[in-house]
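Data first, discussion second: the structure below is written as structure tokens.
The values are calculated or read from the model by the stated rules, or taken from the named source; none is laboratory data. The structure presented is a predicted model; accordingly, all values stated were derived computationally and were not measured. With ideal geometry, Cβ positions are generated from the backbone for all residues, glycine too; neighbour counts draw on all protein chains shown.
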Amino acid sequence: MKLIESIHIDSISYRKLIKLLRIKTGLNFEYYNKPFIEKRIKARMIRVKCDDPEDYLKEISSKEEEVKKFIDGFTINYTFFFRDYDIFETFQDIMVQGLDVSKKDIECDIKPDPSKLARFRTKANAAKSSMKNRQAKPDNYYMDLFVFLNRLAFYKKLKLAPSEKNCINIWSCPCATGEEPYSIAMVMDNLKSQISRFPKYRIVASDIAHEAIVKAKVGIYTDDAMKEISDYYENKYFTKQKTHFGHNNAINSKLKGDIEWIEEDVTQGHKRPYKYDIIFCRYLLIYFNRENRAKFLKIIEDRLVENGILILGKTETLLDRKSSLKLIDSRNRIYIKSSSNIL
Ligand SMILES: C[S@@+](CC[C@H](N)C(=O)[O-])C[C@H]1O[C@@H](n2cnc3c(N)ncnc32)[C@H](O)[C@@H]1O
């Protein structure tokens with residue numbers, strides 16, 4: 001079988017390919033890292049046995065099926081429930097602190113059992129120790145998250161709840177096959193079931209991949225997606241269903257109704273009119289090239305309310321220090337939109 005490294009795509013063919021793909025799909029591939037897109041093209045060339053990029057051009061211009069397959073291969077929908085569970089603990093702490101509730105009084109156990117974590121320990125440990133190393137650096141530049149959040153209008157909004165006007169808007173972008181927005185919905189629903197005067201909230205989830213959104217709406221998952229979910233949440237929000245191959249996990253249908261699903265290319269803007277209090281934008285920036293990352297972040301920044309919170313993936317970072325997005329938690333990659341110069 002041919003190896004990816006043995007295929008060469010010259011820059012003229014590359015431009016022709018992404019131009020044609022843009023015409024066929026409406027997607028702007030120039031936003032993405034060139035090596036990332038090239039690798040996807042080469043992987044498809046191998047699958048359809050094309051050695052020459054010009055032949056692959058003919059393939060996508062004549063076969064709609066190939067365009068669809070290219071898109072499916074290009075969108076990496078890898079995700080799982082409570083991915084980087086400490087982010088969800090922080091998210092939950094933000095809500096709990098904002099509502100002035102004592103954490104001791106509520107059941108909200110997000111940390112998965114050690115036996116469950118042990119199953120994927122090697123990989124997780126590698127990632128965590130690299131995070132720890134980064135954390136170990138003196139980091140005086142950044143304010144403590146909670147000291148800052150305590151002064152926020154966002155907290156005031158929580159305290160004024162509940163009313164439609166004070167609805168907390170949360171956007172999961174991109175949501176892939178739904179595990180992230182469902183994790184958010186579980187945290188919110190669990191708190192709501194235990195806290196009186198809980199604010200109204202709206203969860204919007206969007207992704208470019210049609211198949212991913214369809215899967216999210218169906219809400220049935222294999223055990224792979226459950227590797228970082230605690231027993232508490234698994235028991236409360238899932239039903240095991242028998243299959244020919246063992247079992248799968250069906251999400252509680254009430255949670256499905258808590259989420260607005262949207263299929264969209266977020267680089268072209270967002271289809272809903274809302275401004276958001278919290279945006280989860282995790283593991284998307286890594287695919288974008290430097291120049292277009294800034295354009296995309298402008299879209300996200302505009303959709304955040306003043307003092308709104310942006311949560312990136314743990315390996316992602318914003319480079320533009322001039323933007324109104326200020327890093328307030330370097331370990332968890334949490335930014336706040338603040339026009340003030342204090343930060
Ligand atoms: C690795 S997943 C991240 C899912 C989730 N946020 C998480 O952290 O687990 C990346 C997702 O980005 C989506 N994506 C890529 N380009 C996109 C675009 N232009 N607009 C919207 N979604 C996009 C892919 O379809 C894929 O589902």
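Just checking, does the stretch 215-231 include any residue being surrounded by 15 or more Cβ atoms within 10 Å (Cβ to Cβ), over 30 Å from Tyr155 (Cβ atoms) and of a type in the set (Asp, Glu)? Before you say what the answer is, go through the steps one by one.
Taking the stretch 215-231 as the starting set, the residues that turn out to be surrounded by 15 or more Cβ atoms within 10 Å (Cβ to Cβ) are 215-216, 219, 221, 225-230.
Adding the requirement that they be over 30 Å from Tyr155 (Cβ atoms) leaves 215-216, 219, 221, 225-227.
Pick out the ones that are also of a type in the set (Asp, Glu) and you get none.
There is no residue in the stretch 215-231 that is surrounded by 15 or more Cβ atoms within 10 Å (Cβ to Cβ), over 30 Å from Tyr155 (Cβ atoms) and of a type in the set (Asp, Glu).
Determine if the stretch 247-265 includes at least one residue that is assigned to a loop (DSSP other than H, G, I, E, B), surrounded by 13 or more Cβ atoms within 10 Å (Cβ to Cβ), within 16 Å of the ligand (Cβ to nearest atom) and in contact (Cβ under 8 Å) with a residue 24 or more places away in the chain.
We begin by selecting, within the stretch 247-265, every residue assigned to a loop (DSSP other than H, G, I, E, B); these are 252, 257-258, 264-265.
So of that shortlist, the ones also surrounded by 13 or more Cβ atoms within 10 Å (Cβ to Cβ) come out as 252, 258, 264-265.
Remaining after also requiring within 16 Å of the ligand (Cβ to nearest atom): 264-265.
Filter again for in contact (Cβ under 8 Å) with a residue 24 or more places away in the chain, leaving 264-265.
The answer is yes, given that some residue of the stretch 247-265 is assigned to a loop (DSSP other than H, G, I, E, B), surrounded by 13 or more Cβ atoms within 10 Å (Cβ to Cβ), within 16 Å of the ligand (Cβ to nearest atom) and in contact (Cβ under 8 Å) with a residue 24 or more places away in the chain.
If a residue has to be at pLDDT below 65 and either within 16 Å of the ligand (Cβ to nearest atom) or surrounded by 23 or more Cβ atoms within 10 Å (Cβ to Cβ) (or both) to count, how many in the stretch 131-175 make the cut?
1
Please indicate, with yes or no, whether at least one residue in the stretch 181-194 is free of Cβ contacts under 8 Å to residues at least 40 places away in the same chain and more than 29 Å from Glu264 (Cβ to Cβ). Write out each step before concluding.
Initial filter on the stretch 181-194 (free of Cβ contacts under 8 Å to residues at least 40 places away in the same chain): 192-193.
Those left that are additionally more than 29 Å from Glu264 (Cβ to Cβ): 193.
Yes, the conditions are met somewhere in the stretch 181-194.
Taking Ile336 as the residue in question, decide whether it is crowded, with 16+ Cβ neighbours inside 10 Å, of a type in the set (Val, Ile, Thr) and more than 17 Å from His270 (Cβ to Cβ).
Numbers: crowded, with 16+ Cβ neighbours inside 10 Å: yes; of a type in the set (Val, Ile, Thr): yes; more than 17 Å from His270 (Cβ to Cβ): yes.
Spelling it out, Ile336 is indeed crowded, with 16+ Cβ neighbours inside 10 Å, of a type in the set (Val, Ile, Thr) and more than 17 Å from His270 (Cβ to Cβ).
Whether any residue in the stretch 266-288 is assigned to a strand (DSSP E or B) and more than 18 Å from the chain's Cα centre (by Cα) is what I want to check. I'd like the intermediate steps shown before the answer.
Of all residues in the stretch 266-288, those assigned to a strand (DSSP E or B) come to 276-281, 288.
When the remaining residues are screened for being more than 18 Å from the chain's Cα centre (by Cα), the result is none.
There is no residue in the stretch 266-288 that is assigned to a strand (DSSP E or B) and more than 18 Å from the chain's Cα centre (by Cα).
With a cut-off of at least 2 residues that are modelled with pLDDT of 95 or more and small (Gly, Ala, Ser), name the helices (runs of 4 or more DSSP H) lying wholly within the stretch 176-240.
Numbers: elements: 179-192, 210-218, 231-237.
Where helices (runs of 4 or more DSSP H) fall fully within the stretch 176-240 and carry at least 2 residues being modelled with pLDDT of 95 or more and small (Gly, Ala, Ser), they are 179-192.
Here's a check for you: in the stretch 266-285, which residue that is more than 11 Å from the ligand (Cβ to nearest atom) and farther than 10 Å from Val204 by Cβ is surrounded by the most Cβ atoms within 10 Å (Cβ to Cβ)?
My answer is Asp277.
Suppose we keep only residues that are within 15 Å of the ligand (Cβ to nearest atom) and of a type in the set (A, V, I, L, M) within the stretch 66-101. Which one would you say is surrounded by the fewest Cβ atoms within 10 Å (Cβ to Cβ)? If you could, list the steps in order and put the result at the bottom.
Applying the first criterion (within 15 Å of the ligand (Cβ to nearest atom)) to the stretch 66-101 yields 68-88, 90-91.
The next check asks that each one be of a type in the set (A, V, I, L, M); those that pass are 71, 76, 87.
Numbers: Ile71: 18, Ile76: 15, Ile87: 24.
For the stretch 66-101, the residue satisfying everything is Ile76.
Could you please let me know if Lys200 is away from the ligand (no atom under 16 Å from the Cβ) and touching a strand residue (DSSP E or B) at 6+ places or on another chain (Cβ under 9 Å)?
Values: away from the ligand (no atom under 16 Å from the Cβ): yes; touching a strand residue (DSSP E or B) at 6+ places or on another chain (Cβ under 9 Å): yes.
The answer is yes for Lys200.
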